[in-house]
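Q: Here you go, one structure.
The values are calculated or read from the model by the stated rules, or taken from the named source; none is laboratory data. It should be emphasised that the depicted structure is a prediction, and the values quoted were computed from it without experimental measurement. As a convention, Cβ positions derive from the backbone with ideal geometry for all residues, glycine included, and neighbour counts pool all protein chains shown.
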Amino acid sequence: MHALARFASALFGLWLGTVSMAMAAEPAAQGNAPATAVFAGGCFWCMEPPFDALAGVTATTSGFTGGHQANPSYKDVSSGGTGHVEAVQISYDPAQLSYQELLDVYWRNIDPVDDGGQFCDRGQEYLSVIFYQNEEQKKLAEQSKATVEDRLGRPVATALRPAAPFYAAEDYHQDYYRKNPVRYKYYRYSCGRDQRLEELWGTQEK
């Protein structure tokens, strides 16, 4: 009887230890879930490359957000009236990359003082906007915007708005800079994007 009791006690201890380990592992798994950031900075073709280059970014998606029309096409947004802006949705591992680091890259790839679009692209759909996902992102974005204003000595036109439904653009827009490198480079150069970024930020890595 004593041997049987000891055996039952050992089995119970083993089961309890297994349950405890599983419960401890669950928050860790949740903590490793990817986070999301959404930035509008003019033409989304040009906003994918700087984020794709970052260690910790798992995916970038070009699309539309901030408007009232569901599932808009590129033609719909370009025609105006949808309220959407071109934007990139970034999935990243917060254990490798912070939201603050994403903000730093974002600012150095836009013209924050342009209130009519970005570079050669004009109109509401090309306005710069930070779409925050939660209060922490909002707080960091507000602090970051204030820092940029201090540095540039001018009001920053970039808006801060709560995240809205995000609609992926057509497939041919995704990774455009990789699929069409010559056309992409020509567009970027003719738009004067890099020239203006150098005027604003110097030759710092973008």
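Q: When residues of region 150-203 are filtered for being part of a strand (DSSP E or B) and either at pLDDT below 95 or on the phi > 0 side of the Ramachandran plot (or both), how many remain?
A: Here the count works out to 0.
Q: Write out, first by first residue and then by second, each pair whose Cβ atoms fall under 7 Å of each other, whose residues are 6+ apart or on separate chains, and whose first residue, in region 168-189, is among the hydrophobic types (A, V, I, L, M, F, W, C) while the second is surrounded by 14 or more Cβ atoms within 10 Å (Cβ to Cβ).
A: Ala168/Thr61; Ala168/Gly63; Ala169/Phe44; Ala169/Ser62; Ala169/Gly63; Ala169/Phe64; Ala169/Tyr74
Q: Same structure, new question: Working only within region 80-108, note down all residues that are out of contact with any Pro (no Cβ under 6 Å at 6 or more places or on another chain), modelled with pLDDT of 95 or more and among the small types (Gly, Ala, Ser).
A: Gly83, Ala87, Ala95, Ser98
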